[in-house]
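In what follows, a single structure is set out as structure tokens and then discussed.
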Amino acid sequence: MPRKVTKAIFPVAGLGTRFLPATKSVPKEIMTLVDRPLVQYAIDEARAAGIKEFIFVTSRGKSALEDYFDHSPVLEQELRKKGKTELLEILKSTNMESGAIAYIRQHKALGLGHAVWCARRLIGDEPFAVMLPDDVIAGEMPCLQQMVEAYKETGGNMVAAMEVPPEKTSSYGVLDVLDDMGSIVSVKAMVEKPKVNEAPSNLAVIGRYILSPSVLANLNRMKAGSGGEIQLTDAIAQDIGTGNGVYGYRFRGQRFDCGSKAGFLQATVAFGLAREDLREDLSRYLREMIQLDQAAE
Ligand code: UTP
């Protein structure tokens with residue numbers, strides 16, 4: 001059986017240009033779906049999958065993210081004094097144990113592969129997860145937990161995958177499938193953002209990975225050779241055909257691309273409707289909006 005996965009890297013050093021001007025001062029990962037920042041969804045998912053060490057690759061201007069995971073004694077004391085125990089519990093669930101969280105700086109946004117490479121010394125020689133908080137996945141069983149279960153059977157490297165419309169493949173890393181076993185596929189090649197007519201399939205890589213430390217060694221070599229962005233997909237693809245195969249995992253759940261405005265708005269509505277305290281008001285409002293929209297046509 002492969003070694004247990006207990007460490008996760010959260011690359012959050014990107015510039016978030018699609019959300020300017022907000023991201024001028026608010027890190028994208030702190031933007032909230034209903035009342036919780038994107039990063040909280042990722043942390044909860046990681047915890048459910050058995051992750052114990054949380055490594056954030058950050059950049060200049062992300063201090064709000066570090067503050068978010070700090071204890072807030074004044075606020076906690078105030079809530080305790082006022083007997084607001086429910087809020088106190090919610091607040092406590094955001095605290096991280098001392099030593100469980102680490103921050104590494106990526107000094108220049110040289111790509112996702114480079115961001116992961118920046119955390120190499122904290123990973124050492126064991127398998128690790130990579131989670132992109134702007135991919136939010138709603139499902140009965142959290143996505144990374146599903147992958148950890150599947151990874152026990154495959155070992156190697158595993159990437160979350162989902163079918164996308166063929167005309168959208170150029171926005172993703174795309175899998176060339178060797179053997180389709182249903183929820184798990186073995187991969188013979190990976191292509192980053194292929195031209196639509198050159199995509200080997202419509203099975204796209206989504207922001208959840210379980211990787212072998214050999215990918216860090218691949219990144220090491222690429223770092224030495226590359227001038228531009230360092231792609232994680234390329235470093236994973238280099239493991240194909242070695243003892244560490246590459247597998248795609250078709251997760252069960254709905255993925256929202258919260259790195260884009262449309263995806264973020266859709267997630268806000270979906271998570272709002274999933275909340276008992278908000279459902280009625282929100283769905284009434286949405287119905288009214290649709291009626292108004294239809295009347296105007
Ligand atoms: P994106 O491609 O969404 O880029 O990165 P971005 O900078 O966050 O956003 P836009 O496109 O400018 O709006 C995917 C993930 O990889 C991280 C990002 O923080 C995000 O979680 N990333 C990307 C890094 O950590 N470092 C990089 O150099 C690039």
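The values are calculated or read from the model by the stated rules, or taken from the named source; none is laboratory data. Since we're looking at a predicted model, the values are computed, not measured. So basically every Cβ, Gly included, is an ideal-geometry build from the backbone, and we count neighbours across all protein chains shown. Areas reflect the complete protein model, heavy atoms only, side chains present, ligands, DNA and RNA absent. Shrake-Rupley method; radii C 1.70, N 1.55, O 1.52, S 1.80 Å.
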Checked region 40-90 for anything part of a helix (DSSP H, G or I), within 16 Å of the ligand (Cβ to nearest atom) and not aliphatic (A, V, I, L, M); matches are 40, 41, 45, 63, 66, 68
In the set 12, 34, the lone residue that is more than 13 Å from the ligand (Cβ to nearest atom) and touching a helix residue (DSSP H, G or I) at 6+ places or on another chain (Cβ under 7 Å) is 34
ask   = Given the structure, is residue 269 more than 18 Å from residue 157 (Cα to Cα) and either among the basic types (Lys, Arg) or more than 16 Å from the ligand (Cβ to nearest atom) (or both)?
value = yes
Subset of region 27-39, residues assigned to a loop (DSSP other than H, G, I, E, B) and closer than 20 Å to residue 102 by Cα, comes to 27
Log entry, pairs with first residue in region 5-18 being on the phi > 0 side of the Ramachandran plot, second being open to solvent by less than 10 Å² (accessible area, probe 1.4 Å) and more than 8 Å from the ligand (Cβ to nearest atom), beta carbons closer than 8 Å, six or more apart or on different chains, reads 16/27
Residue 26 meets each of (1) modelled with pLDDT of 95 or more; (2) more than 23 Å from residue 212 (Cα to Cα) with one exception, condition (1)
For region 96-128 the number of residues that are open to solvent by less than 50 Å² (accessible area, probe 1.4 Å), more than 14 Å from the ligand (Cβ to nearest atom) and within 22 Å of residue 2 (Cβ to Cβ) is 5
Checked pairs for region 255-273, first of a type in the set (Val, Ile, Thr), second within 16 Å of the ligand (Cβ to nearest atom), C-beta under 8 Å and 6 or more apart or across chains, list as 268/33
- Could we say that residue 285 is crowded, with 16+ Cβ neighbours inside 10 Å and modelled with pLDDT of 95 or more here? no
Residue set 255, 279; condition open to solvent by 30 Å² or more (accessible area, probe 1.4 Å) and away from the ligand (no atom under 16 Å from the Cβ); output residue 279
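Can you pull out the helices (runs of 4 or more DSSP H) entirely within region 139-247 that have at least 3 residues that are open to solvent by 30 Å² or more (accessible area, probe 1.4 Å)?
Once the helices (runs of 4 or more DSSP H) in region 139-247 are filtered for at least 3 residues that are open to solvent by 30 Å² or more (accessible area, probe 1.4 Å), what remains is 143-154, 214-225.
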